[in-house]
Structure formats: C-alpha cells, structure tokens
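S.K.: Got a structure here, written out as structure tokens. Questions coming.
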Amino acid sequence: MMWRSRPSSTRGEDIQRLFDTYASGSTSLSASGLLRFLHEKQREPSVTMEQAEAIIHLYERENNNRSMSLDGFLRFMESKHCTLFNQAHKEVYQDMGQPLTSYFISSSHNTYLAGNQIVGHSNLKSYENALTNGCRCLELDCWDGPNLEPIVYHGHTLTTKILFKDVVQTIEQHAFEVSAYPLILSLENHCSRRQQEVMAHYLVSILGDKLLSAPLAHPTTGDLPSPDDLKFKILIKNKKLQNVSSEEPRQSLQEDSAEDADEEESDEDETDTDDDGKKSKKLKDKVKFWSHKSTKRIKKKKKAVAAALSDLVIYTRSVKFSSFSYSRDNQNSFENTSMSEKVARKLVKSAGADFVAHNQRFLSRIYPAATRTDSSNFNPQEFWNVGAQLVALNFQSRDLAIDLNNGRFLDNGGCGYILKPEVLMSSRKFDPASPYHDARPRQLQIQVICGSHEPKMLRPAYFVQVEVHGVACDVSTDKTHTNKNNSREPYWGTVMNFTVTIPELCLIRFCLFERINLLSSVSVAHFTLPLLSMMQGYRWVPLQALDENDTDPVSLFVHVRFS
C-alpha cells in the first residue's frame with residue numbers, strides 16, 4: 001500500500017518539515033541526519049549507521065546513494081520500514097517452548113458454517129479460510145450420516161451437510177500452510193459408536209503422521225507439551241474413556257456430560273441476548289422451534305464414546321466444568337473444559353482471579369451463546385483478560401470481535417499462538433476487573449494527522465475513531481473531528497491521550513467512519529494491532545475496507561508516543 005508519489009499540501013508538508021529539520025538546510029539528507037531522525041523521532045535507538053546507509057541505498061535513486069533526496073525520503077516514509085506494525089513481529093519471535101496453557105490460541109466456532117446457525121450453508125471452504133487465517137482450533141459437529149458416512153453440520157437445524165471424511169481431507173491439505181504449530185480438532189461428537197469408529201479410521205488414514213496418536217516420549221515442558229514439541233501435529237479434542245484395568249475388556253464410556261456444547265449450546269435455559277441487532281420474528285420462531293427440538297432429542301439420546309476414537313485423544317480430553325475448586329483438586333493437566341459465553345461471563349465477574357489461576361493450569365474453551373443464530377460474536381477481550389486460551393468465534397462474521405481476533409493474532413508471525421503475558425501467568429493474584437493494578441500507568445499519545453486514499457473509497461465527511469481494548473480500566477475511545485473539505489487526503493491533526501495499566505493485553509483499533517448525518521455514521525475501514533506491536537514516531541496505518549470487493553488502498557498518517 002503506497003501513497004501517491006508526490007507530496008501534497010497536508011502529509012507532504014509534514015514530511016517536508018521533517019526532511020528540512022534533519023537535512024540542516026541542505027537539499028539532501030545525509031546518513032547521519034537520517035540516523036538522528038530514526039533515533040529521535042522514530043524512537044528506534046538500536047538502528048546503526050550502517051543500517052541508515054542501507055536505507056539510503058534502498059530508497060534513493062540519485063546522488064550515487066550517498067545521501068537522500070526529498071523524493072527518496074518520501075519513498076522511505078511510505079515503505080514497510082515506517083508502517084505502524086512492528087515488522088519484526090511478522091516472524092515468530094516469542095518463546096514457543098512453554099506448555100500449551102501458556103498461549104492464546106486462535107480458535108473458531110462451528111467452523112464449517114457460512115452464514116447463520118439455522119439455515120446457513122456448511123462448506124469445506126470455511127475450513128480452508130480459517131486455516132489460511134491462522135486458526136489453530138477448528139470445530140467439527142459430527143453426526144451419523146447415511147451409509148455409515150459421518151456428516152458435519154449444525155445438528156437439528158436446516159443447515160446443509162458435508163461429509164466428515166471430506167472435512168478431514170481439507171484439513172490435511174491446509175493444516176500447516178500458514179503455521180507449523182499444532183492444530184486442535186474440537187469434536188462436538190453426536191455419532192453412534194459404529195460411526196465414531198469410521199471417524200477414527202478417517203482421522204488415522206487421512207492425517208497419517210500428522211495425527212498425534214500417542215504421548216510424546218520426551219516433552220520439553222512440564223504438565224503439557226509446548227507448541228515447539230507439537231510442531232506439525234494435529235490433536236483430537238474429544239471425550240476419552242476412563243482408565244480401566246489392563247485385564248478388563250475396554251467398554252465404551254456412557255457420556256455423563258456434553259463435549260463442548262452437545263447439551264449446553266442447546267440448553268433451553270440459555271438467555272444471552274444478541275448484542276448485534278434484533279432478529280426477525282420469523283427467525284425467532286425458527287430458533288425457538290429448533291432449539292426446543294434439539295434440546296428434547298439430546299436429553300433422550302446420550303452417545304457412547306468408541307474406544308477407537310478415544311485412543312486418539314492424548315493431551316486434549318474434554319471434561320465437564322463444575323467449579324474452580326473442583327478443577328483444582330480433581331482435574332488433570334491433559335483435561336480441558338468448555339463453557340458458553342454466558343457461563344464464562346458470570347465467572348469473570350464473580351471470580352476473575354480464580355479464573356486466571358485456573359487458566360494457568362488448564363485449557364479453557366469459550367464459545368458463543370446458542371441464541372447467536374445470526375453467527376454474531378461476543379467481545380473476546382473479556383475472556384483473554386482472564387487467560388482463556390481457546391476463545392472460539394464465528395469466523396464467517398465480519399464484526400468487532402473478528403477485528404480484535406485478527407489484531408491479537410497478527411502478532412508472532414501470524415502463527416495462531418500468542419504467549420500470554422506474565423501478569424496472567426504469575427503466582428500473584430490478578431483480577432482484570434479490578435481498577436487497581438500494581439503496574440505503573442503508562443501514557444499513550446496518538447496524533448491522527450491525515451489520511452490517503454483513492455477518491456471513490458471515501459465520502460466528503462468522515463472521521464477517525466481510535467479504541468483501546470484491554471482490561472476494564474484501560475478501555476477507552478477517542479475520535480477526530482469530522483473532515484468535510486478534503487476528500488482525497490483529509491487532514492485532522494487530532495492528538496489523543498490514553499492511560500494504560502496493562503499494555504500487554506491492550507489492542508489498538510483504528511476505525512474510519514463516514515458521517516451520514518448529524519446523528520449517524522457508518523464504519524468503512526479499520527485496522528487492529530497489539531499495543532506492544534506498535535512502532536513509535538511517524539507511521540502509516542494500512543486500513544482494511546469493510547467491503548471485500550473494494551480494493552482501493554486507504555491509509556492513515558499518524559504520530560505515536562508511548563512512555
């Protein structure tokens with residue numbers, strides 16, 4: 001994404017002033033002048049003279065590359081070297097040798113669906129899209145199909161059906177195209193014992209060596225292996241048979257609770273409201289009918305766990321959550337729990353510190369409420385704040401939650417694993433809901449200077465909103481005035497100040513709005529990134545248009561200071 005090649009009367013004037021200041025009255029910028037600019041304005045103290053000379057050589061086309069002209073400086077300011085996102089974070093740089101519980105893991109809910117949860121389409125492309133977007137935990141809702149062929153779809157609804165074996169083949173093809181780190185297949189298993197045996201056969205025969213079918217001989221970490229230990233491995237998340245004596249024949253274990261959501265997602269007591277809009281009466285009626293039907297049928301039928309499938313569950317055995325104290329005294333490290341957003345939210349509010357401590361030892365998966373039939377999402381930040389690893393979202397929805405998820409997992413090379421900050425892993429109690437933390441508050445200043453775009457992307461009246469997402473006391477929003485004059489390269493020059501206590505959990509979201517009238521506006525482009533992945537100084541912000549068909553580049557020119 002590039003601005004136009006010539007300075008204009010807004011951004012260009014700012015860059016011209018910077019150039020003149022560090023060129024010290026000369027018509028060209030020396031390597032020493034560029035180095036001073038990088039140290040003083042861009043706050044990059046580690047840059048050396050040799051690196052400054054290399055930058056000049058890369059972007060200057062005149063003067064034998066010994067100094068930089070204004071045009072060369074402009075090219076440099078438009079390059080990846082001056083983007084807001086730290087380019088070093090485009091590679092895996094975090095410690096990947098900690099137990100799985102130490103990471104946020106990009107996770108999807110009802111991965112097979114495109115559209116809503118009642119009449120939407122199930123398709124293989126949804127799995128491919130999730131994997132190419134860095135997702136590391138996929139969900140498969142498995143049901144008995146005709147001719148002993150298990151199927152995947154949203155049970156007891158009108159959603160279309162796809163074959164389980166086709167899903168597994170798609171996963172095998174794309175599992176590690178984007179990330180080498182472990183992929184978890186979360187099975188919501190409703191199949192009969194016979195068809196579970198078919199599922200196990202497909203998992204083994206199709207995934208081959210990629211499937212983790214036995215514990216590692218020598219994991220490098222403690223209770224659970226690390227992402228490094230499990231590179232290029234696929235894990236099965238499902239119920240597992242209880243331990244029995246080797247002298248006794250193994251029997252299938254009768255389920256006493258539901259994996260992920262077998263009973264809970266269709267629980268008729270679920271009363272979460274939809275945060276993203278009202279449903280039509282027709283859709284409400286369908287939801288009531290199908291929810292009642294699925295609840296009734298699930299309560300009547302409890303499926304047995306087949307030994308062949310149970311054998312494939314190694315480090316991700318699903319168990320029912322009872323309480324933090326019960327988990328502390330009884331749960332094993334290789335056992336994980338799932339809960340709806342409604343249950344999880346209550347626990348966040350009533351026992352946030354205990355939730356943090358729980359997630360230091362065990363994997364937790366949080367999934368959207370059953371009432372979100374339109375495939376809307378909850379705000380994942382509230383569950384990242386307590387260290388929940390598998391915060392599962394409907395990836396097909398383009399909403400705030402997906403923006404935040406994309407921003408969270410933009411970091412660490414986009415590999416789908418983000419090391420949780422020390423505040424969530426420390427033995428000291430941490431409650432994200434508390435307004436008081438031991439950390440010294442820090443100041444973030446963002447000046448939104450101007451924008452750059454193609455004419456058809458924007459309208460004559462628009463503004464920029466900057467949001468801080470993090471623990472409760474850090475959440476904040478500010479915005480520029482509405483610019484009604486320069487629709488090609490709008491100028492705001494607005495300075496925003498934010499106080500941040502837990503920067504390790506903060507995401508910064510830039511959102512461009514078109515002003516419709518005095519009381520309403522609509523978002524047209526956005527970009528989200530972790531606060532600690534932001535570069536300081538003068539930077540450009542690449543915005544993503546909400547309209548997938550719109551390919552016109554849009555960017556913001558900003559100045560950032562974090563102290």
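The values are calculated or read from the model by the stated rules, or taken from the named source; none is laboratory data. Only a predicted model underlies this, so the values are computations on that prediction, with no experimental measurement involved. Note that we place each Cβ from the backbone using ideal geometry, even for glycine, and neighbour counts take in every protein chain shown. Side chains are part of the model used for accessible areas, which takes the heavy atoms of the whole protein and leaves out ligands, DNA and RNA. Shrake-Rupley method; radii C 1.70, N 1.55, O 1.52, S 1.80 Å.
S.K.: Rounded, prolate or oblate, given the Cα gyration tensor of segment 151-219, with a/c below 1.5 counting as rounded?
M.R.: prolate
S.K.: Which of rounded, prolate, oblate describes segment 331-395, given a ≥ b ≥ c as roots of the alpha-carbon gyration tensor eigenvalues and a/c under 1.5 marking rounded, otherwise prolate only if a/b is larger than b/c?
M.R.: prolate
S.K.: Whole Å is fine, so just give me how far the alpha carbon centre of segment 403-452 lies from that of segment 148-218.
M.R.: Value for the Cα centre distance between the two parts: 33 Å.
S.K.: Evaluate E = 1/(1 + (r/R0)^6) for HIS437 and SER520, where r is the Cβ-Cβ distance and R0 equals 56 Å; express this FRET efficiency to the nearest 0.05.
M.R.: Between HIS437 and SER520 the formula returns 0.90.
S.K.: What FRET efficiency would be calculated for the residue pair ASN330, GLN51, taking the C-beta separation as r and a Förster radius of 60 Å, to the nearest 0.05?
M.R.: According to the calculation, E is roughly 0.60.
S.K.: Further question: When the chain is fully extended, how far beyond the present Cα-Cα distance does GLU422 get from ASP144, taking 0.36 nm per residue of separation?
M.R.: Separation in residues times 0.36 nm, less the Cα-Cα distance, equals 95.6 nm.
S.K.: Apply the Karplus parameterisation 6.51 cos²θ - 1.76 cosθ + 1.60, with θ equal to phi minus 60°, to every residue of segment 328-345 and state each ³J(HN,Hα) to the nearest whole Hz, in sequence, with x for glycine and proline.
M.R.: After applying 6.51 cos²θ - 1.76 cosθ + 1.60, I find 4, 8, 10, 7, 8, 4, 8, 9, 10, 10, 10, 8, 6, 4, 5, 5, 4, 5 Hz.
S.K.: Karplus couplings for segment 100-105 from phi (6.51 cos²θ - 1.76 cosθ + 1.60, θ = phi - 60°), rounded to Hz, Gly and Pro as x?
M.R.: Whole-Hz 3J(HN,Hα) from phi for segment 100-105: 3, 5, 8, 10, 7, 10.
S.K.: Pull up all non-local amide H partners of TYR103: gap of 5 or more, or a different chain, and H-to-H distance under 5 Å with H placed in the peptide plane.
M.R.: Here the answer is LYS420, since their amide H atoms fall under 5 Å of that of TYR103.
S.K.: On to the next question. May I ask you to give the percent of accessible area on segment 82-193 that is carbon plus sulfur, with a probe radius of 1.4 Å?
M.R.: Answer for segment 82-193: carbon and sulfur cover 47 percent of the accessible area.
S.K.: Step through the table entries LYS125/LYS240; LYS165/LYS346; LYS41/LYS80, compare each Cα-Cα distance with 26 Å, and write down the pairs that go over it.
M.R.: In this structure, LYS125/LYS240; LYS165/LYS346 lie more than 26 Å apart at Cα.
S.K.: Mind giving me the nanometre distance, one decimal, between the label points for GLU197 and SER323, set 7 Å out from Cα along Cα→Cβ?
M.R.: Placing both labels 7 Å along Cα→Cβ, they lie 4.1 nm apart.
S.K.: Working out 0.36 nm times the residue gap between ALA214 and SER24, then minus their Cα-Cα distance, what length gain in nm do you get to one decimal?
M.R.: Once the chain is fully extended between ALA214 and SER24, it gains 61.7 nm.
S.K.: Okay, next question. According to a simple spin-label model (label point 7 Å from Cα along Cα-to-Cβ), what is the distance in nm between ARG43 and LYS161?
M.R.: So the two model labels end up 5.8 nm from each other.
S.K.: List the relative contact order of segment 371-474 as a percent without decimals, with contacts defined as Cα pairs under 8 Å and 6+ residues apart.
M.R.: 29 percent
S.K.: In addition: Under the rule a/c < 1.5 gives rounded, and otherwise a/b versus b/c splits prolate from oblate, where does segment 45-171 land using the Cα gyration tensor?
M.R.: Note, shape of segment 45-171 comes out prolate.
S.K.: Still on this model: Give the relative contact order (percent, whole number) for segment 86-160; include only Cα pairs under 8 Å separated by 6+ residues.
M.R.: 31 percent
S.K.: Which cross-chain or sequence-distant (5 or more) residues have an amide H under 5 Å from the amide H of LEU543, H modelled 1.01 Å from N in plane?
M.R.: Under 5 Å from the amide H of LEU543 lie the amide H atoms of VAL554, SER555, LEU556, each far enough along the sequence or on another chain.
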